[in-house]
1. What net charge is computed for the residues neighbouring B:TYR485, neighbours being all others with C-beta under 10 Å from the C-beta of B:TYR485, Lys and Arg scored +1, Asp and Glu -1?
2. Could you pull out which residues in the stretch A:218-236 have an amide N less than 14 Å from a spot 7 Å beyond the Cα of B:SER227, following the Cα-Cβ vector?
3. Suppose only helical runs count, i.e. DSSP H with n ≥ 4. What mean residue ellipticity at 222 nm does that imply for chain A under -39500 (n - 2.57) per run, divided by all residues and rounded to the nearest 500 deg cm²/dmol?
4. Along each of its three principal axes, how wide is the spread of alpha-carbon positions in the protein assembly as shown, in whole angstrom units, largest first?
5. Got a sec? Charge dipole of chain A, +1 on Cβ for Lys and Arg, -1 for Asp and Glu; which of A:SER341, A:ILE424, A:ILE391 is way out at the positive end?
6. Taking a point 7 Å out from Cα toward Cβ as the label site, list the nm distances between B:LYS432 and the same residue in every other copy, smallest first.
7. Relative to the first principal axis of the alpha-carbon coordinates of chain B, what is the inclination of helix B:253-271, with its axis defined by its Cα atoms, in degrees from 0 to 90 and to the nearest 10?
8. Taking the alpha-carbon centroid of each part, what is the distance from the stretch B:451-473 to the stretch B:342-356 in angstrom?
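Only the coordinates and a few stated rules stand behind these numbers; no lab work does. Since we're looking at a predicted model, the values are computed, not measured. All Cβ positions, glycine included, derive from the backbone under ideal geometry; neighbour counts span all protein chains shown.
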There are 2 protein chains.
Amino acid sequence: MEKNICSFREMIKEKRMIDSMLALLQWDLETQTPRGGYKLLSEMIGELSLKSYNLTTSEKFLKIIQKLKKGEDKLDEVIKKEIELLEEEISKIKVIPPEEYKAYSELTAKAQGIWEIAREKNDFESFAPVLEQIFNYNKKLIEYRGEKGDVYSTILNDYEKGMDAKKLDVFFKELKKEIVPLLKEIKEKDRNFSDKLNFKVGKIEQKKFSKEILKYIGFDLDRGVLSESAHPFTLTVDKNDVRLTTRYFEELPFSSIYSTIHEGGHGIYEQNIADDIKDTLLADGASMGIHESQSRFYENVIGRSREFWYGILNKSKSKYGMLENLTLDEIYKGVNEVSPSLIRVEADELTYSLHIMIRYEIEKGVLSGEYLIKDLPKIWNEKMKEYLGVIPKNDSEGILQDVHWSCGLIGYFPSYALGNVYSIQILRAMKKEINIEGALERGELKEIKRWLEEKIHRYGKLKTPKELMVSITGEELNPDYYIEYLKEKYRKIYD
Amino acid sequence: MEKNICSFREMIKEKRMIDSMLALLQWDLETQTPRGGYKLLSEMIGELSLKSYNLTTSEKFLKIIQKLKKGEDKLDEVIKKEIELLEEEISKIKVIPPEEYKAYSELTAKAQGIWEIAREKNDFESFAPVLEQIFNYNKKLIEYRGEKGDVYSTILNDYEKGMDAKKLDVFFKELKKEIVPLLKEIKEKDRNFSDKLNFKVGKIEQKKFSKEILKYIGFDLDRGVLSESAHPFTLTVDKNDVRLTTRYFEELPFSSIYSTIHEGGHGIYEQNIADDIKDTLLADGASMGIHESQSRFYENVIGRSREFWYGILNKSKSKYGMLENLTLDEIYKGVNEVSPSLIRVEADELTYSLHIMIRYEIEKGVLSGEYLIKDLPKIWNEKMKEYLGVIPKNDSEGILQDVHWSCGLIGYFPSYALGNVYSIQILRAMKKEINIEGALERGELKEIKRWLEEKIHRYGKLKTPKELMVSITGEELNPDYYIEYLKEKYRKIYD
């Protein structure tokens with residue numbers, strides 16, 4: 001038995017090393033690879049993905065798993081969970097022919113370069129064929145599994161166990177019913193809180209401030225990196241090497257702040273997974289939705305609170321030149337201004353989930369065959385008009401704005417909305433145990449990080465999203481609190 | 001036969017892909033890995049190096065080579081050369097036990113982090129044990145080969161075929177005899193040409209200018225990257241993805257310019273290797289010395305000429321804010337000021353090779369057992385005083401200044417001096433065919449690049465350093481021209 005456990009650990013180590021290498025290549029591709037290098041890097045990613053596939057589906061691995069399962073009662077909960085996750089993964093990918101698996105990895109690696117150029121040149125047509133291939137592959141890869149039910153629900157369940165299109169339909173219906181009219185109400189008031197925040201700040205100062213903010217919220221820069229990319233993201237090599245990106249607009253200094261805090265929330269999660277499970281398959285977020293709950297928690301619940309800014313201004317205003325001429329109230333209202341925006345990652349808290357709703361409807365429509373790829377720019381613009389009341393001038397600020405689809409992440413967007421919902425449930429639970437406002441006002445964010453670490457981060461994948469939520473809040477996903485929270489917060493600000 | 005060639009190409013492709021991945025990991029390690037990530041990245045590098053080792057020394061590979069050699073008359077010159085290089089490489093590494101090979105790769109990967117911290121903290125003691133291990137490994141790896149002659153000559157010959165300590169002794173003796181007194185003469189004149197160049201320029205402007213300069217000299221930024229690191233270097237993923245670093249000092253704007261031009265020279269070489277040999281083992285510089293000849297050619301022969309600056313000022317002075325208040329003569333004399341410096345990469349053209357001489361003498365001394373690692377700071381400082389007349393205030397600006405040894409590059413430094421020597425021989429040959437001054441004055445550096453591409457770059461490793469030099473200049477390495485050139489140029493400037 002011990003020998004088998006040893007072999008198992010060896011193979012997991014190998015698998016994790018390949019995944020870490022893939023993460024590094026991906027990081028390179030998205031932050032600095034020159035155009036000339038896309039091809040070779042895509043090939044490398046394809047090669048390594050194939051290696052990972054071959055290892056995961058190898059007879060040798062399967063045999064060890066079988067042997068371990070025979071002595072299951074002697075296994076600890078970590079290894080049991082690893083086996084469970086592995087079996088799930090194997091059952092999903094084993095049905096895919098290896099060449100297809102590799103081709104898909106290469107396609108998505110290549111697609112990012114194509115997307116980037118398409119976005120730069122505002123040329124949806126050049127991206128459309130690749131996007132079509134990606135949607136088709138996603139469909140095909142699910143079909144190989146021969147599962148029942150609709151394809152989209154299967155994909156959603158992959159990202160968030162227990163999720164399906166029906167549950168999301170209910171949530172988005174409620175959202176549409178409550179938030180779209182509230183948004184109209186607020187728009188009519190025609191306030192311009194954020195004008196005061198849109199002054200020019202040089203990139204170097206913004207960079208410095210972003211790093212300060214990361215430290216302030218508890219991200220450890222000795223075990224992490226902050227870089228730049230067209231679309232901010234977080235990527236983990238391992239818990240001691242967690243990489244974030246942000247982006248800087250000289251005329252919108254608060255944009256980089258919130259990108260940074262958002263990715264910082266992801267990063268803090270990854271950095272605080274327990275050392276016990278560091279080298280296991282559990283060293284990852286519980287789900288995409290739970291991951292997003294952490295980034296949204298830091299970005300909105302923490303970062304858009306009055307107390308957070310009070311703490312910063314109070315503690316060290318002089319350090320941050322860019323804040324010097326702002327009052328607390330100007331910052332608070334400015335960063336919470338509701339202003340339907342074209343770009344999701346720039347969206348305010350109230351309208352954010354409406355952006356997700358659009359992606360959700362489009363993904364559903366394309367997968368069901370209702371929407372054609374070529375029509376997406378038009379469909380996008382129509383939905384933007386209907387829900388948010390704004391229309392993109394071009395596709396770069398419309399359908400082409402996000403990197404996700406080019407990475408193959410179809411069905412990922414709803415996680416962002418789930419993250420919002422979870423984050424408010426978590427807030428309610430934390431409030432019962434911690435004086436959050438006080439901690440923020442004193443600038444002591446460690447207390448908050450420790451609570452999250454204790455209740456969520458350290459577990460990695462050991463608990464499912466549902467188990468986590470039940471253990472923290474006493475109930476499963478419940479969108480009502482989120483919608484309530486939005487209504488209350490924004491009615492107050494716009495009263 | 002065709003089948004064998006096909007298998008051979010497949011294996012070369014695999015080998016090159018591993019090497020490209022290693023290059024990317026190395027790039028990451030030196031430009032951005034956070035401290036927490038050193039360990040895992042070092043492990044990955046060890047893992048991949050082992051893989052490369054296993055592949056190169058595999059029975060399968062050896063068999064294919066044997067089969068190909070049987071039909072040697074049917075092979076083209078490229079594949080013949082590849083086999084020759086491979087057999088050389090295999091004979092060198094096959095004698096090393098694989099675990100030792102891996103351990104050494106891991107050691108040098110780890111050592112860079114240790115060096116970086118030691119340099120930052122001015123703490124030679126913390127680096128000394130690792131440095132000792134590296135020297136010992138280098139010795140041991142050579143001893144496994146059981147070759148005759150002294151270890152240092154074998155190492156030198158690895159970097160530069162045909163080179164040995166005897167030849168270098170002759171060169172450095174001549175250098176010491178001619179240049180050390182000339183330097184004293186110049187120092188007594190006590191001029192301060194460079195004062196005018198040491199004004200403050202922000203990092204962002206320097207960055208912009210560095211990229212402009214790269215384009216200007218012919219480096220293709222669509223197939224390359226310019227980044228930052230403590231010690232500037234060039235690294236090739238493949239010819240379409242060539243990566244350079246530089247470093248910026250706000251008070252010394254010309255420092256980054258010359259680092260950039262130097263690495264740009266390396267980069268141009270790599271980018272212009274012929275497409276025919278792009279995916280072969282020949283897609284690399286002919287030797288370290290030839291590589292350095294290209295960087296030194298661009299840096300000194302081109303970049304420190306009056307005509308180069310005339311061309312830039314004339315063409316687009318307004319574009320480069322930092323040049324606005326300088327005259328041509330101020331720039332020319334400023335960038336050619338002889339001022340014995342503590343730092344090699346900041347050294348002027350005249351004293352540069354004296355820095356190499358110190359490294360040369362120390363490497364020779366350590367390998368022969370004459371010098372102990374613990375005494376190196378003292379020895380370093382004494383030699384600096386004797387040859388250059390300056391003494392480092394601390395080890396960070398003394399023995400710890402360079403990354404090379406921590407990468408395992410013992411015996412590499414002399415390549416820099418050889419590069420200088422070659423560059424002047426190349427200059428003499430080019431002058432016979434091209435009006436270099438005219439091209440520089442007109443800002444048309446393409447002509448120069450094309451000549452170098454035609455005579456040197458495109459061949460990659462197809463020709464040996466000796467073959468290249470003979471075909472271009474009609475003779476082998478000849479240090480006399482270099483010493484003559486230095487004497488003439490600097491007597492004139494300081495007349």
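1. -1
2. A:225-229
3. For chain A, the value works out to -20500 deg cm²/dmol.
4. The principal-axis extents, from largest down, are 88, 67, 53 Å.
5. A:ILE424
6. Output for B:LYS432: 9.0 nm, nearest copy listed first.
7. Roughly 30 degrees, rounded to the nearest 10.
8. Distance between centres, Cα-based: 27 Å.
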